[in-house]
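Visitor: Quick one: this structure, given as structure tokens, is what I'll be asking you about.
Please treat every number below as a calculation from the coordinates, not as lab data. As the structure is a computational prediction, the values presented were derived from the model and not from experiment. Backbone-built Cβ (ideal geometry, glycine too); neighbour counts: all protein chains shown.
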Amino acid sequence: MAGGPGADPALLLPNSPCSVEVTAMSADRPAPVRVRIAPSPTGFMHVGTARTAIFDWLAARSTGGQFVLRVEDTDQKRFVEGSIADVIEGLHWLGINPDEGPGIGGSCGPYLQSERLDIYRQHTERLLEAGHAYRCFCPPRPADAQPQDAGGRRAGYDRRCRTLDPSEVAGRLAAAEPFVVRLKMPLTGSFVLQDLLRGDIRFEAAALEDTILIKSDGYPTYHFAVVVDDHLMSISHVMRGEEWIPSSPIQIQLYKALGWPEPIWVHLPLVLNPPDPETGAGRGKMSKRFGDTSLLEYRAKGYLPEAMFNYLALLGWSFSGDQDLFSPSEAQQRFRVEDIKPSAAYWNQDKLDWMNGIYMRRLVPEDLALRLRPFFVDAGIPATEADLRRLVPLVQERIGRLDEAVPLLDFFWSDEVSPAVADLIPRKMDAAGTRALLAAARDALAVLEPWTGTAIEDRLRVMAESLGLKPGQAFQPLRVAVTGRTVAPPLFETLSHLERATVLKRLDAATRLLTAD
RNA sequence: GCCCCCAUCGUCUAGGGGUCCAGGACAUCACCCUUUCAAGGUGCAGACCGGGGUUCAAAUCCCCGUGGGGGCACCA
């Protein structure tokens, strides 16, 4: 952090939000929305997080607001190296770069919560002094050892330290006893969460616990850090998954205790695993068990960021009644936070695949070639950009993902192919007949000029007719002989992109295979 | 167990009291095209969870039920 002592305004004025420049786009547009995506660095970026980020970005961009990245790294034990980079890269891949964040800068930093410990400490002091929070010396209750009553119900913390005598607290503090700081929740009354998408949600205070604000290691819990930071960072809309609804009263109480205005709450619908195809039953939040959940895993599997953005944006929002395909800038034009649907959505892999295919077919061949190359390199195939540019037309409309081009084209770089004899011989034909066909094709192609797709087609069709063979019968053996596969790009163009010598060589090899039989 | 959220075709959704015997998209199925595989074209089928209200009128508003989901840690 640059600057001399006291240079950080957030430290000087820990109670005031940082000043951000906010300019409405125009009078008839909604006020600028300032949002943050707040992932915890405990693994790879989840597609659900990506979807939230897209909504954030759309909300900010459509109103002239800002999109902030803040890393919630308050659990030292769960920190996973590389996960922050994964998030930043994921956002970049989708084309939704944050305006502020770690490594990006901004006037409301630091953007790593682990670097904001002093700030949390100061606000903890305020709460303690005002009697809104208290120190608790009770031993921790691990998640797997929750006390339960006879009915199997969980018993919450009994608040025994809430009424500790000040002198006792001083004594135990002096004895260096470990402690946590807990929030004093009201014992009666109720809370109302005003959610932009769901209306008012009421909670009875009696059912709520005195949540921990500061852990015994001195780090804040999510509930505390999120409130402090959202306020100090001038976040206008807290957009997050609906799994946070039940714990919202804690944060509402915190806003009250700290004397701060609440942000606008927006609880987004969850992304769910696809339902069981047999029973139709739901299977919970999107998880690794039923498909990839890591955003960048989709990149690795050959999905296009354009498709991913489009698909994800459609999970809980719709562009219009009759249009599913749109660009990020088109989405910006129409996006309104309050149009997000509150109900959870099942992941629809088929639709993503379809959409990816659409976006791939829309690319200009040069662009597709560019994107294809890494997949060939990864497969150990020395395909050049020029190679791919030439071959792309053969595969562009028959692949759904970038990686699918590799098995469709790899024979172009093979010395020889190894077809299966059974694949070589078409239905209603025998080995002898197939040999005759291969020989006829060889003779025809050996002297053909020019070596072009249409010339090859014309010649081979004449050949097929003279042998009395249907196209399917005549061409499939040639395809298998030359490509080694039963599924391949269209035959004539494929042949024209191979050296004539290579074609003849492979026809000969196939003939030998049939003879040896 | 307690608390909370949600509810239109299998899925994503449009629709916000009459214009809806509910529109679009994916998937499915059929047909067309066709040298394999695709892509493309055409078409069929397919939904307002149930029950009560409110209203002249309800997919749209209210209540209950049911179903699905989420939460109940010194994790976020």
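Visitor: Per the Cauchy relation, a quarter of the hull surface: what is the mean projected area of the convex hull of the alpha carbons in the stretch A:328-369, in nm²?
Guide: Its Cα hull, projected and averaged over all orientations, spans 4.4 nm².
Visitor: Excluding A:Val238 itself, calculate the net charge of residues whose Cβ lies under 15 Å from the Cβ of A:Val238, where each Lys or Arg counts +1 and each Asp or Glu counts -1.
Guide: Working: positive: A:Arg34, A:Arg36, A:Arg70, A:Arg198, A:Arg240; negative: A:Asp56, A:Glu72, A:Asp195, A:Asp229, A:Asp230, A:Glu242, A:Glu243, A:Glu262, A:Glu338.
Taking every Cβ under 15 Å from that of A:Val238, the sum is -4.
Visitor: Helix A:83-94 against the longest principal axis of chain A: what's the angle in degrees, Cα atoms only, rounded to the nearest 10?
Guide: 60 degrees
Visitor: Cysteines without a disulfide-compatible partner in chain A, using Cβ under 4.7 Å as the rule?
Guide: Within chain A, the cysteines lacking a partner Cβ under 4.7 Å are A:Cys138.
Visitor: Pop out the Kirkwood hydrodynamic radius of the stretch A:164-305 from its pairwise C-alpha distances, inverse of mean 1/r, in Å to one decimal.
Guide: Values: mean 1/r = 0.0540 Å⁻¹.
This gives a value of 18.5 Å.
Visitor: Ranking A:Val447, A:Val33 by Cβ neighbours within 10 Å, fewest first, what do you get?
Guide: If I rank by nearby Cβ atoms, fewest first, I get A:Val447, A:Val33.
Visitor: Here's a follow-up. Could you work out the relative contact order of the stretch A:276-344? I mean the mean sequence separation of Cα pairs under 8 Å and 6+ apart, divided by the number of residues, in percent. Walk me through the numbers on the way to the answer.
Guide: Numbers: 27 pairs, mean separation 16.0, N = 69.
Relative contact order comes out at 23 percent.
Visitor: Stretch A:Glu204-A:Ile381 to full length: gain in nm at 0.36 nm per residue minus the Cα-Cα span? Intermediate values should be presented prior to the final figure.
Guide: Numbers: separation 177, 0.36 × 177 = 63.72 nm, distance 6.37 nm.
So the extension gain works out to 57.4 nm.
Visitor: Can you work out ³J(HN,Hα) from phi for every residue in the stretch A:424-435, in order, using Karplus 6.51 cos²θ - 1.76 cosθ + 1.60 and θ = phi - 60°, giving whole Hz and x for Gly and Pro?
Guide: Values, residue by residue: 6, 8, x, 4, 6, 9, 10, 4, 4, x, 5, 4 Hz.
Visitor: Taking a ≥ b ≥ c as the square roots of the eigenvalues of the Cα gyration tensor of the stretch A:229-305, is the shape rounded (a/c under 1.5), prolate (a/b larger than b/c) or oblate?
Guide: Oblate.
Visitor: While we're looking at this one, here's another question. Mind listing the phi-derived Karplus ³J(HN,Hα) values for the stretch A:261-271, rounded to whole Hz, using 6.51, -1.76 and 1.60 with θ = phi - 60°, and x for any glycine or proline?
Guide: x, 6, x, 7, 8, 9, 9, 7, x, 7, 9
Visitor: Could you compute the longest span of chain A free of GluC sites (Glu not before Pro) located in DSSP loops and having at most 12 other Cβ atoms within 10 Å, not counting the site residues?
Guide: Details: sites that count: A:Glu21, A:Glu81, A:Glu278, A:Glu416, A:Glu499.
My reading of the result: A:82-277 is the longest stretch.
Visitor: For the stretch A:262-347, what does the alpha-carbon gyration tensor say about shape, rounded, prolate or oblate, given a ≥ b ≥ c as the root eigenvalues, a/c under 1.5 as rounded, and a/b over b/c as prolate? Intermediate results must be reported in sequence, preceding the final value.
Guide: Details: a/c = 1.72, a/b = 1.24, b/c = 1.38.
Judged from the Cα gyration tensor, the stretch A:262-347 comes out oblate (a/c at least 1.5, b/c at or above a/b).
Visitor: What are the residues whose amide H is under 5 Å from the amide H of A:Lys285, where those residues sit 5 or more places off or on another chain and H is modelled from the backbone?
Guide: A:Asn273
Visitor: If you don't mind, another one. Sum -39500 (n - 2.57) across every DSSP H segment of at least 4 residues in chain A, then divide by the residue count to get the 222 nm mean residue ellipticity, nearest 500.
Guide: Computed ellipticity for chain A at 222 nm equals -12500 deg cm²/dmol.
Visitor: Just grab the label-to-label distance for A:Leu117 and A:Ser167, each label 7 Å out from Cα along the Cβ direction, in nm (one decimal).
Guide: With each label placed 7 Å out from Cα toward Cβ, I get 3.4 nm.
Visitor: Counting Lys +1, Arg +1, Asp -1, Glu -1, what net charge surrounds A:Tyr311 among other residues with beta carbon under 10 Å of its beta carbon?
Guide: Summing Lys and Arg as +1 and Asp and Glu as -1 gives -1.
Visitor: For A:Arg36, what residues show an amide H to amide H distance below 5 Å, using hydrogens built from the backbone and excluding near sequence neighbours?
Guide: Amide H to amide H, under 5 Å and 5 or more residues apart or across chains, A:Arg36 pairs with A:Val68, A:Met239.
Visitor: Could I ask something else about it? What is the Cα convex hull volume of the stretch A:27-117 when expressed per residue in Å³?
Guide: In the stretch A:27-117, the Cα hull volume divided by residue count equals 94 Å³.
Visitor: For a quick check: sort A:Lys470, A:Lys215 by the number of other beta carbons within 10 angstrom, fewest at the front.
Guide: Sorted ascending by nearby Cβ count, the order is A:Lys470, A:Lys215.
Visitor: Estimate the FRET efficiency between A:Asp423 and A:Ala300 by the formula 1/(1 + (r/R0)^6), using the beta-carbon distance for r and 30 Å for R0, to the nearest 0.05.
Guide: 0.45
Visitor: Counting other Cβ atoms within 10 Å of each Cβ, which trypsin sites (Lys or Arg not before Pro) in the stretch A:334-381 have at most 13 and sit in a DSSP loop? List each step's numbers first, then the result.
Guide: Numbers: sites: A:Arg334, A:Arg336, A:Lys351, A:Arg361, A:Arg362, A:Arg371; in loops: A:Arg336.
Of the trypsin sites (Lys or Arg not before Pro), the ones in loops of the stretch A:334-381 whose Cβ has at most 13 other Cβ atoms within 10 Å are A:Arg336.
Visitor: Let me ask something additional. About its Cα centre, what dipole magnitude does chain A give when the only charges are +1 on Lys and Arg Cβ and -1 on Asp and Glu Cβ, stated in debye to the nearest 20?
Guide: Dipole about the Cα centre, nearest 20: 720 debye.
Visitor: Relative contact order for chain A using alpha-carbon pairs under 8 Å, separation at least 6, rounded to a whole percent?
Guide: Here the relative contact order equals 12 percent.
Visitor: Tell me the net charge near A:Ala455. Cut-off is 14 Å between Cβ atoms, A:Ala455 excluded, with +1 for each Lys or Arg and -1 for each Asp or Glu.
Guide: -1
Visitor: Where Rh is the Kirkwood radius over the Cα pairs of chain A, the temperature 37 °C and the viscosity 0.692 mPa s, what D in µm²/s does Stokes-Einstein return?
Guide: Here the translational diffusion coefficient equals 118 µm²/s.
Visitor: Let me ask something else about it. For the charge dipole of chain A, defined by +1 on Lys and Arg C-beta atoms and -1 on Asp and Glu C-beta atoms about the Cα centroid, which residue among A:Ile252, A:Val271, A:Pro32 has the Cα displaced farthest towards the positive pole?
Guide: A:Val271
Visitor: Say the cut-off is 27 Å between C-alpha atoms; which of A:Lys285/A:Lys351; A:Lys184/A:Lys285; A:Lys77/A:Lys341 go over it?
Guide: Over 27 Å apart, Cα to Cα: A:Lys184/A:Lys285; A:Lys77/A:Lys341.
Visitor: Angle, helix A:222-232 long axis vs. longest principal axis of chain A, Cα atoms, 0 to 90°, nearest 10?
Guide: 90 degrees
Visitor: Specify the angular offset, from 0 to 90 degrees and rounded to the nearest 10, of the alpha carbon long axis of helix A:453-466 from the longest principal axis of the alpha carbons in chain A.
Guide: That helix lies at roughly 50 degrees to the long axis.
Visitor: How many angstrom separate the Cα center of the stretch A:201-228 from the Cα center of the stretch A:60-91?
Guide: Using only Cα atoms to place each centre, the spacing works out to 22 Å.
Visitor: Which residues in the stretch A:288-317 place their backbone N less than 18 Å from a point set 7 Å from the Cα of A:Ser343 along the Cα-to-Cβ direction?
Guide: Once the point is set 7 Å along Cα→Cβ of A:Ser343, A:314-317 turn out to lie under 18 Å by backbone N, inside the stretch A:288-317.
Visitor: Right, something else. For A:Lys505 and A:Asp350, compute 0.36 nm times the residue count separating them, minus their Cα-Cα distance, and round to one decimal in nm. Write out the running numbers ahead of the final one.
Guide: On the way: separation 155, 0.36 × 155 = 55.80 nm, distance 4.10 nm.
Length difference between fully extended and current span is 51.7 nm.
Visitor: Could you please rank A:Thr454, A:Thr163, A:Thr494, placing first whichever residue has the fewest other Cβ atoms within 10 Å of its Cβ? It would help to have the intermediate numbers written out before the result.
Guide: Values: A:Thr454 11, A:Thr163 7, A:Thr494 23.
By the 10 Å Cβ count, ascending, the order reads A:Thr163, A:Thr454, A:Thr494.
Visitor: Name the shape class, rounded, prolate or oblate, that the alpha-carbon gyration tensor gives for the stretch A:412-465, where a ≥ b ≥ c are the square roots of its eigenvalues, rounded holds for a/c under 1.5, and otherwise prolate holds if a/b is larger than b/c and oblate otherwise. Let's see the in-between values first.
Guide: Working: a/c = 2.26, a/b = 1.26, b/c = 1.79.
The shape class here is oblate.
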